[in-house]
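Okay, so here's the structure we're looking at.
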């Protein structure tokens, strides 16, 4: 959704919702459901913090490698799991630093607060139990998956789930995460 000088425009209300969820420090088993439209697709799922998404995907990567490599995770395959684990830890640290920066600037003039806010932009939304719907196709996968999308690509959204309810069981099969 390019607008103006080629700068993608992000729905500020959705950015605030996602930013607030990303700031959570406790694991979320349930959160707000959301239905997103982007590029002719509809995506529905439950919003979770970005660090939790990377943590969950890291566990799924480990499970997938155990299944597909025959029960052992060697350095070659375990690297993918470490990549996601490192991303989750980095995001958790980044959020702590952002909170500290906001607290430090609270009593300062607005121009300093704006500088901190400019560097505190939310770029992606992270969903669990997500299903993707294309025209004429049933939601895939039926049990849901982890999904990550760029906020600037979302053209519309609402709270809720496709069909009114999230998938009944989170995806257990590691293949559904990949």
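Within the range 1-59, being at pLDDT below 85, touching a strand residue (DSSP E or B) at 6+ places or on another chain (Cβ under 7 Å) and either surrounded by fewer than 22 Cβ atoms within 10 Å (Cβ to Cβ) or more than 18 Å from residue 128 (Cβ to Cβ) (or both) holds for 1, 2, 8, 9, 30, 31. Only one entry of 116, 104 meets the criterion of being at pLDDT below 60, assigned to a helix (DSSP H, G or I) and surrounded by fewer than 13 Cβ atoms within 10 Å (Cβ to Cβ), and that entry is 104. Checking each residue in the range 121-140 for being surrounded by fewer than 17 Cβ atoms within 10 Å (Cβ to Cβ) and either at pLDDT 95 or above or part of a loop (DSSP other than H, G, I, E, B) (or both) picks out 121, 123, 134, 135, 136, 137, 138.
Quick check: anything in the range 48-60 part of a helix (DSSP H, G or I), more than 22 Å from residue 152 (Cβ to Cβ), in contact with a helix residue (DSSP H, G or I) (Cβ under 6 Å, 6 or more places away or on another chain) and touching a residue at least 60 places away in the same chain (Cβ under 8 Å)? Yes, the range 48-60 has at least one match. When the criteria are applied in full, residue 145 meets the requirement of being modelled with pLDDT of 70 or more, surrounded by 12 or more Cβ atoms within 10 Å (Cβ to Cβ), touching a helix residue (DSSP H, G or I) at 6+ places or on another chain (Cβ under 7 Å) and farther than 21 Å from residue 11 by Cβ.
For the range 141-169, give me the residue count where each residue is assigned to a strand (DSSP E or B) and over 18 Å from the mean Cα position of the chain (by Cα). Walk me through how you get there before you give the answer.
Going residue by residue through the range 141-169, those that are assigned to a strand (DSSP E or B) are 141-150, 156-159.
Adding the requirement that they be over 18 Å from the mean Cα position of the chain (by Cα) leaves 142.
Of the residues in the range 141-169, 1 are assigned to a strand (DSSP E or B) and over 18 Å from the mean Cα position of the chain (by Cα).
The values are calculated or read from the model by the stated rules, or taken from the named source; none is laboratory data. If you're wondering where the values come from, they're calculated on a predicted model, not measured in any experiment. Glycine gets a Cβ as well: all are built from the backbone with ideal geometry, and neighbour counts include every protein chain shown.
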